[in-house]
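Below is one structure; the comments refer to it alone.
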Amino acid sequence: MLQRCEACGAFAYPAREACPSCLSPALAFADAPRLGTLLAETTARVPSDVYFRERAPWRIGLVKMDCGPTIVAHLHADCAEGAPVRMSLQLDKSGQAVAFARPEGETPNMADDRQWREMTADPKFRRVLVTNGRSVIGQEAVVALKAAGVKTVFVGVAEPWRPFAGEDQLRRQEGVEVVTLDAADEKSAADLAADIGGKVDILVNTTEYVRTGGLLDRKGTSIARDEIDQAYLGFINLAQAFGPAMRMRGADGINNSVAWVNILSVYALANWPAFGAYSASQAACLSLSHCLRAELRPGGIKVMNLFTGPVDTEWFQTVPPPKVAPRAIAQAIVSGLRGGLEEMYVGDVAEEIRQRLAANPKALERELDK
Amino acid sequence: MMKSQRTPYEGIVIAAPVTIPYVRYSIESAQWWIGRALGALVAQAGIKASDIDGLCVSSFTMGTDSGIGLTQHFGLCVRWLDTIPLGGASAIAGLRKAARAVQARDADIVACVAGDTNHVDSFRLTLENFSRFNQDAVYPYGAGGANASFALIARNYMRTFGVTREDVGRIAVAQRANALRNPHALMKAPLTLEQYLAARPISDPIHLFDCVMPCAGAEAFLVMREETAASLGLPAARLLSTIERHNAFADDPMQVRGGWAMDVGELYAMAGVKPDDLDVVQTYDDYPVITMMQFEDLGFCKKGEGAEFVRAHDLTIDGDFPHNTSGGQLSVGQAGAAGAYLGLVEGLRQVLGTAGPTQVSNARLGLASGFGMINYDRGLASGAAIFAGPSR
């Protein structure tokens, strides 16, 4: 993503207000070819900024992009001067998009690079809490995270004496610890945090509470209360129990605390009247996630929101396809963490809502009313 | 477009070179340092402050003040005023503007002054807020500051032209030898090439003795017409020629030459001298590798021959190529924008024969250059001036 002049086609970097080739003000951000050549590198050993001072030596370089501009970039350890590099924009610990140069091709254990891991939230080697092991999404998340090299997955289960589908398989996995957690219960969240709060590097909030209906076809507020209790207040309980320790552990060794993941309905962005009250509870969670992101930022902890359309689970039984497979959500969690992203849209419905919302929000509101 | 002939600096002189000795840290403000420099100018020239009718100021640390605030601050009533934020190119740029002002009689006596303070945290703050491109696209990348940016340039230059650290080190070592004769230099200990090579790395290939030490200080001079100097009985150097260039060679993927290379022919032609005629040379030495680049771009040798030039010459005060005779910024210290003035002011003292312990014998013709503003990936501003003492 670089600025490109709409008049003469030249790419420009750093971002500016007029094209350096033709002075046209029509500079729009566009996908740019990602390849370039590393012209020169240096290793900063005594940075003036405390963040980098702590992480010195830090390697940077100047990359000549095939599409024109030269870019100062963080370097992957396998980048060599004179060799081609592949550029990407990554979110650094402060939430700023920065240029990162990696070798053009794959190299062994590429994702384990120290500087790369600083920009990502790769679950490999880390300890993860999945908050709801009763749900299919939670169980799939555990499998995907284990496959991604997670050291320990803590899986929250409310009232663990009550059996649930998939329990045996969940308990059989190596490196998976089932823990008691009812996110909607403040004391339960606090008790678990007292136990493992200092060991949670990534928290995946898989709390799920889906009920149909909006306003007029329901009587009273009891279902709405449950939706708020589970999703919204559950989120608050988890944040208050686990957030402070995670924020403090953002620089705790090499496998520090790095990310908080929320799985949200894409209808948090635009109300779907068929699940109208549920949509509203998700919108509340979305708003809260922005607050959490701001509060975790000083510790360098990322908040990733994963938006999904209706999932292929029992509460969306009556909804026609396409639906999102829980496994697809689990894989998106891993790939989002590996990329250090703040937002992901999983499945065709979520992607469509994103595009239609950007194109015409009023039309989307009208069309969701079906 | 046809390039027109520039008007010569007929009868324009520079007088009263002033240095306010540097200190590593100062609790005073930039205005304090500039005030001392103005006071010293007036004292040295034997004029009244009210005789100054033009003012040209450069500083990084004046806060929200610019030249206009300083007029009231120091009780100056001027009819020509400029504030030049060109970092290491500020002295040459200021001199050029002042020279034209007195030539056109918009002013009679212009005080050119640069001063900066250095509080414990000022350097880091300057770094963090240097320029918009720097904030966006350089500082977040390791916050190595100018050291990291110049490390990239140095590495590329050294590899391209087969330059070794020993070659670059000769410049720093010679300047330290010069500095030992300058009582105002902050660096007081001798430096050997072995020590230079053994210094700790800062941002490879930049090591400790490639870096200037930020400090507080001020430098200044007066620009006027010859008859004004004569009427005041002031010894003065004649300005023979200048050049200035910004954002040169933008298509070079990395900086291997500065803007001097675009205008060097004109620099010597206007002065009517050859590089060989110069008795003393003061380059802008934020890093010795940049000095080596200037030896090439200012015509002392060809591009790529800087290392050979350094090996073949003795750069000390008594050597065959006296260079940065005060010790330069590398050994005297870099007092912010005053660093731009340091070479020019020392060069003026040399051709006026008032350099004292660092005096090059029979120095009559001098050159000083400037370089500044690493806005993003390269130094954007460059300039140079040639001046002659009264005996030439």
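We did not get these values from a lab; they are worked out from the coordinates using the rules stated. The model shown is predicted, which means the values in this text are computed figures rather than measured ones. A quick note on method: Cβ atoms are made from the backbone with ideal geometry, for glycine too, and the neighbour counts reach across all protein chains shown.
Given axes a ≥ b ≥ c from the Cα gyration tensor, I'd like to know whether the range A:10-57 is rounded (a/c under 1.5), prolate (a/b larger than b/c) or oblate. Numbers along the way, then the final one.
Numbers: a/c = 3.11, a/b = 2.16, b/c = 1.44.
It is prolate, given that a/c is not under 1.5 and a/b is the larger ratio.
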Stokes-Einstein D in µm²/s, Kirkwood radius over Cα pairs - the range A:220-347 at 20 °C with 1.002 mPa s viscosity: 137
Test item: A:65-77 mean partner chain Cβ contacts at 10 Å: 3
From the C-alpha gyration tensor of the range A:65-187, square roots of 5λ in Å: 40, 15, 11
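Could you work out the helix-only [θ] at 222 nm for chain A, with each DSSP H run of four or more residues adding -39,500 (n - 2.57) and the total divided by the number of residues, to the nearest 500 deg cm²/dmol? Don't jump to the answer; show the numbers that get you there.
Details: 11 runs with 118 residues, N = 370.
My calculation for chain A gives -9500 deg cm²/dmol from helical runs alone.
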Most fluctuating residue given options A:215, A:233, A:35, as computed from a GNM of chain A linking Cα atoms under 10 Å: A:215
Computed label-point distance, nm, for sites residue B:192 and residue B:361 using a 7 Å Cα→Cβ extension: 2.9
Over the protein assembly as shown, volume per residue of the alpha carbon convex hull, in Å³: 192
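Which residues make up the longest stretch of chain A clear of chymotrypsin sites (Phe, Trp or Tyr not before Pro) that lie in a DSSP loop with no more than 15 other Cβ atoms within 10 Å, not counting the sites? Spell out each step's value before the answer.
Details: sites that count: A:125, A:161, A:164.
Result for the longest clean stretch: A:165-370.
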Per-residue [θ]222 nm for chain B (sum of -39500 (n - 2.57) over DSSP H runs n ≥ 4, rounded to 500): -11000 deg cm²/dmol
Residue A:313/residue B:119 FRET efficiency (R0 41 Å; Cβ-Cβ; nearest 0.05): 0.10
Centre separation in Å (Cα based) which lies between the range A:125-183 and the range B:189-230: 63
Paramagnetic label zone (point 7 Å from Cα along Cα-to-C-beta, residue B:274; backbone N under 16 Å) in the range B:292-320: B:299-302
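Check each of the chymotrypsin sites (Phe, Trp or Tyr not before Pro) in the range B:214-268 and keep only those in coil by DSSP with at most 16 other C-beta atoms within 10 angstrom; list them in order.
Working: sites: B:221, B:249, B:260, B:268; in loops: B:249.
Counting only loop positions with at most 16 other Cβ atoms within 10 Å, the chymotrypsin sites (Phe, Trp or Tyr not before Pro) in the range B:214-268 are B:249.
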Per-pair calculated FRET efficiency, R0 = 25 Å: residue B:48 and residue B:184 via Cβ, rounded to 0.05: 0.40
The range A:1-39-the range B:336-392 distance, computed between alpha-carbon centres (Å): 39
Modelled FRET efficiency - R0 35 Å, residue A:365 with residue A:294, Cβ distances, 0.05 increments: 0.80
Rg and Dmax of the range A:18-114, Cα atoms only, in Å: 14.8, 44
Helix B:30-45 vs. chain B, principal-axis angle (Cα, 0 to 90°, nearest 10): 50
Alpha-carbon centroid distance for the pair the range B:270-330 / the range A:271-295, whole angstrom: 67
Distance-filtered residues of the range A:69-94 - backbone nitrogen under 18 Å, label point 7 angstrom along residue A:251 Cα→Cβ: A:92-94
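State which stretch of chain A is the longest one without any exposed GluC sites (Glu not before Pro), exposure meaning a DSSP loop state and at most 16 other Cβ atoms within 10 Å. Mind dumping the intermediate values first?
Details: sites that count: A:6, A:17, A:81, A:104, A:106, A:174, A:342.
Free of exposed loop sites, the longest segment is A:175-341.
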For the range B:237-312, alpha-carbon Rg over 2.2 N^0.38 Å: 1.11
Alpha-carbon Debye profile of chain A, log10 I(q)/I(0) at 0.07, 0.11, 0.14 Å⁻¹: -0.36, -0.84, -1.22
Estimated Rh, the range B:189-340: Kirkwood, alpha-carbon pairs, angstrom: 17.7
Choice from B:317, B:68, B:243 showing the highest fluctuation, given a GNM over chain B with Cα pairs closer than 10 Å: B:68
Between 0 and 90°, nearest 10: helix B:90-103 axis offset from chain B longest Cα axis: 30
Highest-fluctuation residue, B:272, B:87, B:343 considered, GNM on chain B with Cα pairs under 10 Å: B:272
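How would you classify chain B from its alpha-carbon gyration tensor, with a ≥ b ≥ c the square roots of the eigenvalues: rounded for a/c under 1.5, else prolate if a/b is greater than b/c, otherwise oblate?
Values: a/c = 1.44, a/b = 1.25, b/c = 1.15.
Cα axes put chain B in the rounded bin.
Apply the a/c threshold of 1.5 to the C-alpha gyration tensor of the range B:159-270 and tell me whether it is rounded, prolate or oblate. Please report the intermediate quantities before stating the final value.
Numbers: a/c = 2.64, a/b = 1.33, b/c = 1.98.
Oblate is the answer for the range B:159-270, as a/c is 1.5 or above yet b/c matches or exceeds a/b.
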Neighbour count of at most 16 Cβ within 10 Å plus DSSP loop: longest GluC sites (Glu not before Pro)-free window in chain B: B:29-304
